[in-house]
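A short reminder: the numbers here are calculations on the coordinates, not readings from a lab. Everything quoted here is computed from the prediction, not taken from an experiment. Heads up, the Cβs are rebuilt from the backbone with ideal geometry, glycines too, and the neighbour counts pull from every protein chain shown.
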Amino acid sequence: MKNDFNISRLGVRRFESPVSPSAFVADDAGVLMDIEVSRGPADVVSGQIAEPAGPRAGLYFNPSAVRAAIVTCGGLCPGLNDVIRAAVMVLWYRYGVRDILGIRYGYSGLTEAGVPPMRLTPEIVEDIHTDGGTILGSSRGPQDVAEMAEYLAANGIDILLTVGGDGTQRGALALCREIRRRELRIAVVGVPKTIDNDIAYTSRTFGFETAVAMSQAPIAAAHMEAKGSRNGIGLVRLMGRESGFVAAYAALASSDVNMVLVPEVHFSIDKLMVFLEQRLERKSHAVIVAAEGAGQDYVGMGGSDASGNRKLGDIGIFLREKIEEHFSARPAPVKVRYIDPSYTIRSAPTSPDDSVFCFQLAAYAAHAAMSGRTGMVVSLWNGHFVHIPVEKAVSARKTIDPAGPLWQNVMDNTGQPELGSR
């Protein structure tokens, strides 16, 4: 059977790794991508296999001569500084790499017109994990791939760690192809970043857990505001352009939410209003959580932003206005309290568990790059850190299955009915 999860390698590994041999991962080890089997008298386990992440016995790059670089792209996300710090610490202390560059302001820093890179050392990065954002800066939008490849070659960069979401990794894929066309020996390894948790072939992306945890305070505030008024409605808009995982998990964690709207499930405004009427008659208050990409058939703007993402209309403002309009003729009109904590969450430091996760992802990315692997991202899959070809990671967005257990859990937790389509 052809294995679609093979990882490209730059060549023969000629250098001995300074890592303890007890930590080495064998080259013939594998992790099954699908661990489910049909039980029967003659079960046969087979299928696609991914490489486990971890240090290898041989290195492609000489640690004393290699130049590594780190770039952070796209919107801010909790954990960017954690990843930068971890990569520097592992490269410096585990491998003895002394030439590490931080590319400034995303892929624009890989062009001659960009801001020059900064030198990264343990002293520079030792405390950056306590701050949100990224010390390197970030940007959206593509750059000329040929110019980026030329920049890497001209500046002697052997390893590039790309920290970003779907758009960033698509850019990394294009860059890998250009590097291969030029027959350059440069490793490009990705660390998938997205609050929305929508990267394919990874169970979780960094920043997601922090976002869910930080969503609890706004939801609790919306609940208190709603309960404080007769016919009070708390409305919270959370992150989730194409995938509603943050909204779904935040609602499950809170259990104060009465309605969740996500991009994957279309809803009827009329049915939404009927549910709100019934809820207010019973309880005199309600809490709604809406992912930012929900209801775009009502508010979508059309076109794309600099990163190639479709432009979204503001579902939060739309819902607030529609709800106020619908109930305006009632003897006791509703009071809607609208909260959007998106940028507060995006720019925050990570939760402790997310910070650990960031370190692990960055460490495994450094190990992969030093061994000469390229065109891949580090992923958590079936409880193991694995290598995933970047082509697979960007092949589709991970979304909530409206017929799956997660969405059923949300509906059971909130008590909301099927809101259907128009």
| Where does each of 327-340, 230-243 land if you order them by average Cβ count within 10 Å, highest first? | 230-243, 327-340
| remark: Quick calc, Arg397 & Ala253: beta-carbon distance into FRET formula, R0 22 Å, rounding 0.05, result 0.45
| remark: Expected sort for Ser395, Ser229 with the fewest Cβ neighbours (10 Å cutoff) up front is Ser395, Ser229
| task | Quick one: check the C-alpha center-to-center distance for the stretch 343-386 versus the stretch 96-155, whole angstrom. | result | 18
| Scattering curve values for the chain, log₁₀ I(q)/I(0), Debye with Cα scatterers, q = 0.10 Å⁻¹ | -0.72
| remark: Distribution output for the stretch 78-207: share of Cα-Cα pairs per 5 Å bin in percent, first bin at 0, values 2, 10, 20, 24, 21, 16, 7, 1, 0
| query | Want the number for Glu418 to Tyr93: 0.36 nm per residue separation, take away the alpha-carbon distance, what's left? | reply | 111.6 nm
| task | Starting from one equal scatterer on each C-alpha and no solvent at all, send me the Debye-based log10 I(q)/I(0) for the stretch 143-190 at q = 0.19 Å⁻¹, two decimals. | result | -0.52
| remark: With a Förster distance of 22 angstrom and the Cβ-Cβ distance between Glu321 and Arg282, calculated FRET efficiency to the nearest 0.05 equals 0.35
| remark: Quick calc, the chain, dipole around Cα centre from Cβ unit charges on Lys, Arg (+) and Asp, Glu (-), nearest 20 debye, gives 240
| Footprinting exposure proxy for Thr168, Thr130 (fewest neighbouring C-beta atoms within 10 Å first) | Thr130, Thr168
| Where nothing but the Cβ of Lys and Arg (+1) and of Asp and Glu (-1) is charged, how large is the charge dipole of the stretch 97-160 around its Cα centre, in debye to the nearest 20? | 100
| Binned Cα-Cα distance frequencies in the stretch 1-137 - 5 Å width, integer % | 2, 9, 13, 14, 15, 15, 13, 9, 5, 3, 2, 1, 0
| query | Past the 27 Å Cα-Cα mark, which pairs from Lys311/Lys398; Lys335/Lys398; Lys322/Lys398; Lys271/Lys335; Lys311/Lys392? | reply | Lys335/Lys398; Lys322/Lys398
| What residue among Val66, Val390, Val262 has the largest mean-square fluctuation in a Gaussian network model of the chain, using Cα springs under 10 Å? | Val66
| message | So if each residue of separation counts as 0.36 nm, and I subtract the Cα-Cα distance between Arg14 and Met118, what length gain in nm does that give? | response | 34.5 nm
| remark: Between the residues Leu10, Leu319, Pro78, the Cα farthest towards the positive end of the dipole of the chain, that dipole coming from +1 and -1 charges on the beta-carbon of Lys, Arg, Asp and Glu, is from Leu10
